[in-house]
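Worksheet: one structure, shown below.
What follows draws every value from the coordinates through simple rules; no lab data is involved. Because the structure is predicted, anything quoted here is derived from the model rather than measured. Every residue, glycine among them, receives a Cβ derived from its backbone with ideal geometry; neighbour counts consider all protein chains shown.
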Amino acid sequence: MTNSTYNVNTGYYGNPQSYTTQSFTISEPENAVKITLEKGSATPVFKTPDSVGADLSSISEVVLKPNTPTLVDTGVTLALQQNTAGLVYIRSSLSLQGIILANGVGVIDPDYRGTVKVVLTNTTDKDIVVYAGSRVAQLIITPINKPKFIEVTELPNTVRGSGGFGSTGTN
């Protein structure tokens, strides 16, 4: 647990001498992610005890036109801890309906303080309506290892070598 201290103004009440500030401390879990919510938005929620992705919902109604990337705002702003990243994936139930995340996976850096938005693409030939409050994506918070990149003249050999794109077999 970590402790955060907050200062709260306790009131002015028309008398400048009555203006005071009180401090209080809240214990927070080590993995806490502080969020702010725009009006009408929803806190990301894990739908089952073992869910690794927290559902993100649309803050407003949006029409997804066929084959047109569309920005969908969740109204959620995050303060991720250093050396973590937020990874945003499409919900599998939406992919079955022909909706994909335009960039595959969204990445939220720990220093980003804008609202979380997702770019959805409708791969069908008909308009699809995303209603306000609809769950549109899932957020996974993961630790990040930022390595130092060292340029060398040669890399160590492996059994696989430079083989890729099916080099280990098709089954």
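Can you work out the FRET efficiency for the pair residue 32 and residue 151, with r the C-beta to C-beta distance and R0 = 35 Å, to the nearest 0.05?
Numbers: r = 38 Å, r/R0 = 1.09.
Result of the calculation: an efficiency of 0.35.
Along the Cα→Cβ direction, 7 angstrom out, place labels at residue 67 and residue 170. What is the inter-label distance in nm?
2.8 nm
Apply the Karplus parameterisation 6.51 cos²θ - 1.76 cosθ + 1.60, with θ equal to phi minus 60°, to every residue of the range 51-61 and state each ³J(HN,Hα) to the nearest whole Hz, in sequence, with x for glycine and proline.
5, 9, x, 8, 5, 10, 10, 6, 7, 8, 6
Can you bin the range 75-116 into rounded, prolate or oblate? Criterion: square roots of the alpha carbon gyration tensor eigenvalues sorted a ≥ b ≥ c, rounded for a/c under 1.5, prolate for a/b above b/c, oblate for the rest.
Details: a/c = 3.04, a/b = 2.32, b/c = 1.31.
Because a/c hits 1.5 or more and a/b exceeds b/c, the range 75-116 counts as prolate.
Checking the table 34/117; 47/146; 117/146 against a 28 Å threshold on Cα-Cα, which pairs fail?
47/146
Can you work out ³J(HN,Hα) from phi for every residue in the range 28-36, in order, using Karplus 6.51 cos²θ - 1.76 cosθ + 1.60 and θ = phi - 60°, giving whole Hz and x for Gly and Pro?
Working through the residues one at a time gives 10, x, 4, 9, 5, 10, 7, 9, 10 Hz.
What is the set of long-range amide H partners of residue 55 at a cut-off below 5 Å, with H atoms built 1.01 Å from backbone N?
Residues meeting the amide H criterion: 45, 46, 47, 139.
What is the sum of charges around residue 107, taking Lys and Arg as +1, Asp and Glu as -1, for the other residues whose C-beta is under 14 Å from the C-beta of residue 107?
Numbers: positive: 117, 146; negative: 109, 111.
Taking every Cβ under 14 Å from that of residue 107, the sum is 0.
Under a cut-off of 17 Å between alpha-carbon atoms, report the aspartates and glutamates in cross-link reach of residue 65, not counting same-chain residues fewer than 8 places apart.
73, 125, 127
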